[in-house]
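These notes are about the structure you will find just below.
Values quoted throughout were computed directly from the atomic coordinates according to the rules given, and no laboratory measurement underlies them. Since the structure is predicted, the reported quantities are computational estimates derived from the model, not experimental observations. Here the Cβ positions follow ideal geometry from the backbone for every residue, glycine too, while neighbour counts run over all protein chains shown.
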Amino acid sequence: MNIIETKLKGCIILEPKIYKDNRGLFFEVFKKRELEDYLQCEIDFVQENTSISKKGVLRGLHFQTGEAAQAKLVSVQKGEVVDVIVDVRPDSETFGEHIKVILSDKNHKSVFIPKGMAHGFVSMTDDVVFNYLCDNYYNPKTESGILYNDPDLAIDWGYPSAELIVSDKDLVLPSFKELIK
């Protein structure tokens, strides 16, 4: 497995070695020991979530706060997304910065997202199957988020704005500035 660092400390891309033959293909999504050795911390995933989205669906930008903060390992089982991670850790050198990663059933990449990062994605194809492994249980009392089209973050989602499908809940998330007040 190839581990690729990003500009957001602790947020890494996992690029698997893919083994193909006449039967199909095989790859390891992650190895706990290898991930822990690289990150120098223990990872214990306790919850797995799957979302299925139509083309143009934007989910995010979400995160959990306090004791319920979650590290995540995300991947796409079917389709393609533009995955976006925003650093919301106040003491981080990259606070307020973001990265984008293409995740798909063709490249089989995963992204490890440490606690203290907001996450979202837009489906570039129909019937995207998106998986999340989380190291903490979801707690609705500590959920938070940032408005996906916040002008200060200036995220280019790579999809026509007028065609995005965004939940009512995500449309009223606070701006980045409102969040950090």
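General remarks:
- Taking the criterion of being charged (D, E, K, R), within 24 Å of Asp91 (Cβ to Cβ) and not in a strand (DSSP E or B), the residues of the range 1-19 that qualify are Lys7, Lys9.
- Applying the condition of being without any contact (Cβ under 8 Å) to a residue 24 or more places away in the chain and not in a strand (DSSP E or B) to the range 66-120 and asking which residue is farthest from the chain's Cα centre (by Cα) yields Asp91.
- Which numbered condition Glu80 fails, given (1) under 29 Å from Lys169 (Cα atoms); (2) touching a helix residue (DSSP H, G or I) at 6+ places or on another chain (Cβ under 9 Å): (2)
- Residue list for the range 20-60, restricted to those being surrounded by 11 or more Cβ atoms within 10 Å (Cβ to Cβ), part of a strand (DSSP E or B) and at positive phi: Gly60
- In the range 121-136, residue farthest from the chain's Cα centre (by Cα) [restricted to those that are closer than 16 Å to Trp157 by Cβ and not aromatic (Phe, Trp, Tyr)]: Thr125
- Filter pass, Lys17 being of a type outside the set (S, T, N, Q), more than 17 Å from the chain's Cα centre (by Cα) and surrounded by fewer than 15 Cβ atoms within 10 Å (Cβ to Cβ): yes
- Count of the range 1-38 residues, restricted to those that are touching a residue at least 40 places away in the same chain (Cβ under 8 Å) and closer than 22 Å to Val84 by Cα, is 14.
- Residue that is nearest to Val29 (Cα to Cα) [pool: residues in the range 121-159 that are polar (S, T, N, Q) and not in a strand (DSSP E or B)]: Asn136
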